[in-house]
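The values are calculated or read from the model by the stated rules, or taken from the named source; none is laboratory data. The structure presented is a predicted model; accordingly, all values stated were derived computationally and were not measured. Don't worry about glycine lacking a Cβ; one is built from the backbone with ideal geometry, like all the others, and counts go over all protein chains shown.
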Amino acid sequence: MPSTHRGSDRLLRLHLPERADQIGQSVRAADQVLREHADDPTVLDTTHFDTVRFPAPDWALETFAAAARDGSLAYTGYAGHPAVRAAVAASAATFTGFPVEPDNVVITPGTQAALFATLAATVDTGAPVAVVDPDYLFNARILRFLDADVRYIPLTAEESGPNLDLHALEDAFAAGARTLVFSNPNNPTGAVYPRAILERIADLARAADALVVVDALYSRLVYDTTAYTHLRSLPGMADRCVTLLGPSKTESLSGYRIGVAIAPQPVAAGIEDVLSTMALRAPAYAQHLLTRWLVDDHAWVAARVEELRALRDHTVKRLSELDWIRLHPQQGTAYLFPDVSRLGLTDQEVATALLREAKVMVSPGYQFGPRGVGSFRVCYARDEEQWDAALTRIVEVLDKLATGRGR
C-alpha cells in the first residue's frame with residue numbers, strides 16, 4: 001500500500017498555506033493546477049531562459065573539460081577550490097565596487113543553494129524576516145520552510161522607477177526583524193533600485209543592526225544605461241550584506257550549477273557549514289568556470305544584453321496592443337510582469353487559459369508574493385521568430401478573455 005505519511009511540518013510550511021485565503025488554495029495546490037496541464041510538448045515554457053537560442057560562451061565547455069581531465073580537481077573544500085575563491089574575490093571586488101577577500105567567498109551549487117544556505121545559516125526559528133513583495137518566488141518559501149515569520153515589504157512599480165515602502169521596512173525592523181531579503185534587479189518586475197533607495201535601506205539596516213541578503217543574479221543584465229549600485233559598496237554595508245551572484249542566467253550557465261555568496265567572514269563560515277550538510281560542495285569541475293566569469297566575457301555579455309533589450313522592446317510593443325493591460329517600467333532581467341488584474345480573473349484562470357489556448361506557460365503572479373496577484377511573468381529570452389508567434393497567441397487569448405469580461 002502507498003505511504004500515507006503527510007510529510008514533515010516544514011515541508012507543509014513550504015506550501016505557504018497561510019496565503020490560501022488570498023488565492024483560494026495553498027501555493028503548492030495552485031502550482032499543481034498548472035503542472036497538470038504542462039506536459040504537452042508543444043507548450044512554450046516561458047518560466048526560464050531558452051539556452052538553445054542563448055547558449056553559454058564558447059569557453060565554458062572548454063574550461064569544464066580541462067578541469068575534468070585533471071583528476072586532482074574532483075574534490076574541493078566545502079566553500080570551494082582555493083584558487084577559484086581567490087579569482088572570484090578579485091573579479092567580484094571590481095564588479096561590486098568594494099574589496100572582497102577569498103574567505104568572504106563561498107561557491108555554491110547554483111545561486112538558489114546560496115540563498116537557502118545563507119538563510120539557513122542566519123535566520124532562527126520564529127524570527128521575523130522582512131521580504132520585499134513581489135520578489136523571487138522562493139524567498140518566502142525558504143523562510144517558511146525554516147519556520148521564520150515573513151513580513152512583506154510592498155514594492156510598487158511607477159513611471160519614475162521602483163518605490164519601496166521604506167516606512168514598512170522601518171516598522172519591520174522596529175518590530176524585531178533583523179534580516180531583509182530582496183532581489184536587485186527585482187525578479188519578477190525587472191525594476192532596478194536607484195541609489196537613493198539603496199542608501200536609505202543601508203541607513204535603516206545599520207540603525208537596526210540588520211543583515212541584508214541581496215540576490216544580485218541579474219546585476220549584469222541591465223538596460224538603457226541604467227545605473228546599478230551594489231548595496232555592499234555603500235558605507236558600512238560590506239559587514240552586514242550578503243550578495244548572491246552567479247552566471248546561470250545572463251551567461252546561460254545554469255546547467256553547470258554554480259553560484260556565489262559574498263558575505264562577511266563569520267556569515268560565510270556559517271554558509272559553508274550549511275553547504276557541507278546539504279550538498280558537500282558545488283560541482284568541482286564546474287567551479288573553474290568562475291575563473292573566467294566577470295573576466296573574459298565583458299564584450300560577450302554586452303552583445304547579449306543588446307539582443308535581450310531588442311526582445312524586451314518587441315515584447316512591450318506587442319503586449320501594448322491591449323490598451324487595458326498595465327506594463328511597468330522594466331530596467332533589468334529578461335522578465336516582463338504585465339498587470340492583467342483588470343480582467344477580474346484569478347491568476348490560475350489567466351495562466352491556464354494561456355497554457356491551454358495559447359500553448360504558452362507563464363509564471364502566475366501569486367507565486368511572487370501577495371502583491372504579485374493579478375499579474376504574470378514571462379521570460380522573453382527566446383528565439384525571436386518563435387517568440388513573436390507566441391506573442392500573437394498571447395495577445396489573442398488575452399483579448400478574448402477581455403471581450404468575454406465586457407472590456
*Mind telling me which of the residues L44, L16, L61 ends up being touching a Phe, Trp or Tyr at 6+ places or on another chain (Cβ under 9 Å) and at pLDDT 90 or above?*
L44
*Are any residues in region 4-13 at pLDDT 90 or above and of a type in the set (S, T, Y), and if so, which ones?*
S8
_Criterion: under 25 Å from L14 (Cβ atoms) and either at pLDDT 95 or above or in contact with a His (Cβ under 6 Å, 6 or more places away or on another chain) (or both) - qualifying residue of V192, V181_ = V181
